[in-house]
Every structure is written in C-alpha cells, then in structure tokens.
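Engineer: A single structure is presented below for examination.
The values are calculated or read from the model by the stated rules, or taken from the named source; none is laboratory data. Note that the structure is a prediction, hence the values are computed from the model and not measured. Note that each Cβ is placed from the backbone with ideal geometry, even for glycine, and that neighbours are counted across all protein chains shown. Protein only, heavy atoms only, side chains kept; ligands, DNA and RNA dropped before computing areas. Shrake-Rupley method; radii C 1.70, N 1.55, O 1.52, S 1.80 Å.
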Amino acid sequence: MALLKSCVRSGRNVFAVILRREFHKTAPALVQVTVRDALTQAMDEELERDERVFLLGEEVAQYDGAYKVSRGLWKKYGDKRIIDTPITEMGFAGIAVGSAMAGLRPICEFMTFNFSMQAIDQIINSAAKTSYMSAGLQSVPIVFRGPNGHSAGVAAQHSQCFAAWYGHCPGLKVLSPWSAEDAKGLLKAAIRDDNPVVFLENELLYGVAFEVSEEAQSKDFVVPIGKAKVERQGTRITLVSHSRYVGHCLDAAAVLAKEGIECEVINLRSIRPLDMETIESSVAKTNHLVTVEGWPQFGVGAEICARIMEGPAFNYLDAPVIRVTGVDIPMPYAKILEDNSVPQIKDIIFSVKKSLNI
C-alpha cells in the first residue's frame with residue numbers, strides 16, 4: 001500500500017517498479033556447458049597457463065579429435081603442442097611417458113580406453129611405478145584420458161569400463177567425472193598433478209549439458225582429487241556411483257522421492273584415491289547402501305563393500321550392501337541385449353526397495 005501511494009504521488013508506474021525490483025532479486029541464470037566443452041576449456045586453459053603441457057594422440061590435431069574434445073586447439077597452439085600420432089598406442093604412450101620424465105606435462109588421449117590395453121605396459125610398468133622405484137626422485141606428470149565404459153551399439157571391444165583395472169594399481173590416480181564441473185575441475189587438477197593420472201571420460205556424456213557455477217567458469221577452478229561429492233541429500237539410503245551412472249542414481253532418487261524414500265546420492269569422482277570418509281558418513285546417517293557400476297566381479301562396488309565391512313560404518317548397516325551391476329558377459333551388439341546388460345534406473349529402484357524391505 002505504501003508503495004502504491006508513493007507511485008501515485010510521484011507519477012511512476014507501480015507495475016514497472018515491482019517488476020524492476022523483482023528482476024534485481026532474481027539470481028543470475030547458470031551457464032550450461034557440455035562435458036565435451038568443459039574438457040576442451042580445461043585443456044585450453046592449462047595449455048595457455050603452462051608451456052610444458054601438450055596433447056598427443058590419434059586425430060587430436062587437424063581433425064579436432066575423434067569426439068571433437070580437442071576442437072580448435074591445433075589452430076590455436078600449432079603442431080608442437082597438439083600432435084597427431086600414428087595408430088600405435090604403445091608407441092605414443094611411450095613417447096608421452098618419456099617426455100613426462102624429461103620435464104614436460106603430456107596429455108595422452110586414447111580414442112577409447114579399450115585401446116589402452118595396447119599401452120598398459122607403459123601405463124603401469126613405466127608411468128605408475130617409476131616414482132616409487134626412484135624413491136621419489138623421478139616424477140611422471142602425465143594424464144592418460146579418453147572415453148571409457150560402454151557407449152551405444154559398439155559391441156564388446158569398445159564397451160569396457162577400466163575403473164577397476166587401473167584403480168587396482170598403486171602409483172596411479174584414477175578419476176571418473178560425471179558433470180561438466182567434474183570434467184573441467186578434475187582434468188585441470190590432473191594436468192597439474194605430479195603423478196600419472198588415468199582420466200576416464202564417458203562418450204555418452206560428451207554432448208550432455210550441465211549447469212555450471214560462476215566459480216567453475218574461472219581459470220583457477222579445480223576439483224580436489226580424492227574427494228567425492230554428495231549430489232543429493234537423503235536420509236533413507238545411500239546410492240554410490242561414478243560417471244554416467246550418477247545420473248541414473250539421481251533419476252532413481254527422484255522417482256523414489258515421490259514414494260517418500262529420500263536417497264542420498266554420492267558421486268565418487270575419484271576412484272583412486274577413494275573417498276571412504278564421505279561414504280561412511282552417509283551410511284552412518286542412512287543405514288543402507290547400494291553401489292552402482294559396471295561388471296560384478298572385482299569392481300569398484302566390490303571394493304566399497306569390502307571397506308564398509310572392515311570399517312566402522314559396518315556397525316550402522318541395517319541391511320547388507322547391495323551392488324547394482326551389469327551382466328557378467330562381454331557387451332552384446334544388439335540394442336535390446338545391450339540395454340539388458342547394463343544397470344538401468346529400474347534396477348536401482350528395485351535394489352533400493354529390496355534393501356529397505358519394501
């Protein structure tokens with residue numbers, strides 16, 4: 001009423017005044033960035049920041065990368081910083097490891113992590129073990145990155161998740177981002193790290209856009225390695241996952257919330273080191289745990305189960321830990337078989353209700 005009287009006396013339009021006030025109260029809209037663009041930004045900023053950083057791999061330069069993750073970098077930085085290699089993973093991974101030992105900071109892209117098997121001797125025996133075997137005198141600051149896990153319709157030889165493989169090996173750090181902020185912040189942290197880092201992206205996430213905070217748009221933004229993130233708060237049950245399945249967990253949590261079941265969703269982000277403190281704190285609150293990831297045998301979920309069993313959080317469990325995994329077979333090519341071979345949202349919902357005995 002006071003506002004109305006003031007506007008009448010002054011001759012101002014009351015609706016214009018209200019709209020202007022409400023506009024200034026509105027929080028600024030968050031920028032949306034795809035995972036692909038977040039990775040490109042991270043490499044661009046680190047290439048600009050440190051002249052020792054360079055990228056090499058198959059088709060990363062003139063072709064802008066097989067998945068366009070290095071788009072524009074060759075035109076900006078030239079042949080010495082963005083290097084196309086022959087189709088020989090063992091060869092260019094070895095060159096990258098040697099250059100890291102000589103003081104450079106290479107980013108080594110595999111067109112798919114399935115092909116990193118060709119270079120596993122360089123990754124494990126040369127990169128992962130050198131710092132320990134040299135008593136810390138020789139660091140190997142290198143990032144091995146590329147798409148990991150199953151895509152769509154690419155069958156068994158292009159569909160494997162290597163989180164458990166590389167997470168098994170001392171000397172490596174292993175990261176598995178989900179969102180655009182994860183992708184940018186973790187990749188920048190990986191490039192700056194003095195240890196070899198395996199950076200597991202997901203092809204199906206490249207084109208997915210996420211809201212990015214103002215902080216994440218800064219060139220100084222990094223995500224600390226070894227720290228998980230609680231993506232959704234909850235009190236009834238804890239869901240733990242990494243990469244694309246974090247989205248599945250959030251979708252399942254949204255469905256279950258309509259039934260009064262509040263799930264806490266944890267995005268691991270880092271496979272090695274593994275942030276058990278965040279998981280244990282959540283289990284102490286919810287008393288139930290479901291993990292979601294790839295193959296059942298010897299997986300990341302199995303490691304989490306073992307650590308919960310051995311640690312203090314075991315005393316808080318009201319039901320056994322449940323693992324939601326893919327089927328224990330090589331990935332089929334046919335879509336209907338593929339869909340039934342990997343965890344789906346309905347599988348997570350079923351496992352949550354099983355854990356809660358609903």
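Engineer: Return the residue satisfying two criteria in turn: it lies in the range 250-285 and is open to solvent by less than 20 Å² (accessible area, probe 1.4 Å) and either touching an Asp or Glu at 6+ places or on another chain (Cβ under 6 Å) or in a strand (DSSP E or B) (or both), and of such residues it is farthest from GLU338 (Cα to Cα).
Structural biologist: Checking each candidate, the answer is SER282.
Residues checked against (1) modelled with pLDDT of 95 or more; (2) touching a Gly at 6+ places or on another chain (Cβ under 6 Å); (3) in a loop (DSSP other than H, G, I, E, B):
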residue	(1), (2), (3)
GLN118	yes, no, no
ILE123	yes, no, no
LYS129	yes, yes, no
LEU137	yes, no, yes
VAL140	yes, no, yes
PHE144	yes, no, no
GLN157	no, no, no
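Engineer: A follow-up question, please. Consider GLU280 against the criteria (1) in contact (Cβ under 8 Å) with a residue 12 or more places away in the chain; (2) under 23 Å from the mean Cα position of the chain (by Cα); (3) within 25 Å of ASN148 (Cβ to Cβ): it satisfies all of them except one. Which criterion is unmet?
Structural biologist: GLU280 satisfies all of (1) in contact (Cβ under 8 Å) with a residue 12 or more places away in the chain; (2) under 23 Å from the mean Cα position of the chain (by Cα); (3) within 25 Å of ASN148 (Cβ to Cβ) except (3).
Engineer: Go through (1) open to solvent by less than 30 Å² (accessible area, probe 1.4 Å); (2) out of contact with any strand residue (DSSP E or B) (no Cβ under 6 Å at 6 or more places or on another chain); (3) not basic (Lys, Arg) one by one and return the number of the condition ASN148 breaks.
Structural biologist: Answer for ASN148: the failing condition is (2).
Engineer: Restricted to the range 98-122, and to residues that are hydroxyl-bearing (Ser, Thr, Tyr) and under 24 Å from TYR67 (Cα atoms), which residue is surrounded by the fewest Cβ atoms within 10 Å (Cβ to Cβ)?
Structural biologist: THR112
Engineer: Identify the residue in the range 28-47 that is surrounded by fewer than 20 Cβ atoms within 10 Å (Cβ to Cβ) and without any contact (Cβ under 8 Å) to a residue 60 or more places away in the chain and, among all such residues, is farthest from ALA209 (Cα to Cα).
Structural biologist: ASP44
Engineer: Tell me which residues, restricted to the range 294-317, are open to solvent by less than 20 Å² (accessible area, probe 1.4 Å) and outside any loop (DSSP other than H, G, I, E, B).
Structural biologist: Passing the criteria: VAL300, GLY301, ILE304, ILE308, ALA313.
Engineer: List every residue pair whose Cβ atoms lie under 6 Å apart, where the two residues are 6 or more positions apart in sequence or sit on different chains, the first residue falls within the range 211-225 and is part of a loop (DSSP other than H, G, I, E, B), and the second residue, located anywhere, is small (Gly, Ala, Ser).
Structural biologist: Between residues of the range 211-225 that are part of a loop (DSSP other than H, G, I, E, B) and residues that are small (Gly, Ala, Ser), the close pairs are PHE221/GLY185; VAL222/GLY185; VAL222/ALA189; VAL223/GLY185; VAL223/ALA189; ILE225/ALA189; ILE225/SER270.
Engineer: Still on this structure: Is at least one residue of the range 237-249 in contact with a Leu (Cβ under 6 Å, 6 or more places away or on another chain) and hydrophobic (A, V, I, L, M, F, W, C)?
Structural biologist: yes
Engineer: Something else now. Residues LYS75, LYS80: which one is modelled with pLDDT of 95 or more and part of a helix (DSSP H, G or I)?
Structural biologist: Among LYS75, LYS80, only LYS75 is modelled with pLDDT of 95 or more and part of a helix (DSSP H, G or I).
Engineer: Taking interchain pairs and intrachain pairs at least six residues apart, which have beta carbon atoms under 9 angstrom, with the first residue in the range 163-178 and more than 16 Å from GLY146 (Cβ to Cβ) and the second open to solvent by 10 Å² or more (accessible area, probe 1.4 Å) and of a type in the set (Phe, Trp, Tyr)?
Structural biologist: Matching pairs, first to second residue: ALA164/TRP295; ALA164/PHE298; HIS168/PHE298; PRO170/TYR132; GLY171/TYR132; TRP178/PHE210; TRP178/TYR245.
Engineer: Ok, one more. For PRO320, which of the numbered conditions (1) of a type outside the set (Asp, Glu); (2) in a loop (DSSP other than H, G, I, E, B); (3) in contact (Cβ under 8 Å) with a residue 60 or more places away in the chain fails to hold?
Structural biologist: (3)
Engineer: So for the range 326-335 (the condition being under 25 Å from VAL223 (Cα atoms), out of contact with any strand residue (DSSP E or B) (no Cβ under 9 Å at 6 or more places or on another chain) and modelled with pLDDT under 95), does at least one residue qualify?
Structural biologist: no
Engineer: Name the residue that is least open to solvent (accessible area, probe 1.4 Å), counting only residues in the range 323-357 that are charged (D, E, K, R) and part of a helix (DSSP H, G or I).
Structural biologist: Top of the filtered list is GLU338.
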